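Q: Just dropping this structure here.
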Amino acid sequence: MRKLHTLLALFALILAMGSCKKDDPVYPFKVVVESESGVRVQNAEVRCFVPLPNVDIEYYGTTGINGVASFEHDGGEIVVQIQVTKGNSTPTAVGCGYLKLTPDETATATIVVTEYDPEDPGCQ
């Protein structure tokens, strides 16, 4: 009889654990901005977006003293395009790239900014 009670308790525990709803995943990501010489760039403007029509997913941020801007997406797995500019009205440096976001892991992209050339604006 004791074995039956233990077996029933174990079965109930397994059912209870299986019925727990898992939290929705989050998609944290960060953008590290560096110069061509490998120095981290602070106060760079970072824009991350999905370049598809009728998709309104966009994130904006500014790198801190460590050259990093951090974000968190909560709407599913996506690939974002990243545009980085440094400078006021006319950029002095630009860079770009792409990053695939993965659930519950911090995805990281390192973007190297180069001197802005109006004749070759790069990934605008």
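Q: When Lys and Arg each count +1 and Asp and Glu each count -1, what net charge do the other residues less than 15 Å away from residue 48, Cβ to Cβ, add up to?
A: -3
Q: Taking neighbour Cβ counts within 10 Å as the exposure measure, how do 99, 52 sort from fewest upward?
A: 52, 99
Q: Taking neighbour Cβ counts within 10 Å as the exposure measure, how do 123, 96 sort from fewest upward?
A: In increasing order of surrounding Cβ atoms, one gets 123, 96.
Q: Using a cut-off of 10 Å between beta-carbons, work out the net charge of the residues near residue 113 (Lys and Arg +1, Asp and Glu -1, residue 113 not included).
A: That works out to -2.
Q: Amide H of residue 93 versus every other amide H placed in the peptide plane: which residues, excluding those fewer than 5 positions away on the same chain, fall under 5 Å?
A: 86, 116
Q: May I ask you to compute the full-extension gain from residue 43 to residue 56, defined as 0.36 nm times their residue separation minus their alpha-carbon distance, rounded to one decimal in nm?
A: Here the answer is 2.2 nm.
Q: Continuing with the same structure: State the extension gain, in nm to one decimal, for the chain segment bounded by residue 26 and residue 74, taking 0.36 nm per residue of separation less the distance between their alpha-carbons.
A: So the extension gain works out to 16.8 nm.
Q: In whole Hz, with x marking every Gly and Pro, tabulate ³J(HN,Hα) for the range 72-89 from phi via Karplus 6.51 cos²θ - 1.76 cosθ + 1.60, θ = phi - 60°.
A: The phi angles translate into 9, 9, 10, x, x, 6, 9, 10, 9, 8, 10, 10, 10, 10, 10, x, 7, 5 Hz.
Q: Run a plain Debye calculation on the range 24-115 (Cα atoms as equal point scatterers, no solvent) and give log10 I(q)/I(0) at q = 0.12, 0.13, 0.25 Å⁻¹, rounded to two decimals, same order as the q list.
A: After summing over all Cα pairs, the log10 values are -0.35, -0.41, -1.25.
Q: Sticking with this one: Listing 85, 92 from the residue with the fewest other Cβ atoms within 10 Å to the one with the most, what is the order?
A: So the ranking, lowest neighbour count to highest, is 92, 85.
Just so you know, all these numbers are worked out from the coordinates, no wet-lab data involved. Predicted, not measured: the structure shown is a model, and the values here were computed from it. Cβ: placed from backbone, ideal geometry, glycine included. Neighbour counts: every protein chain shown.
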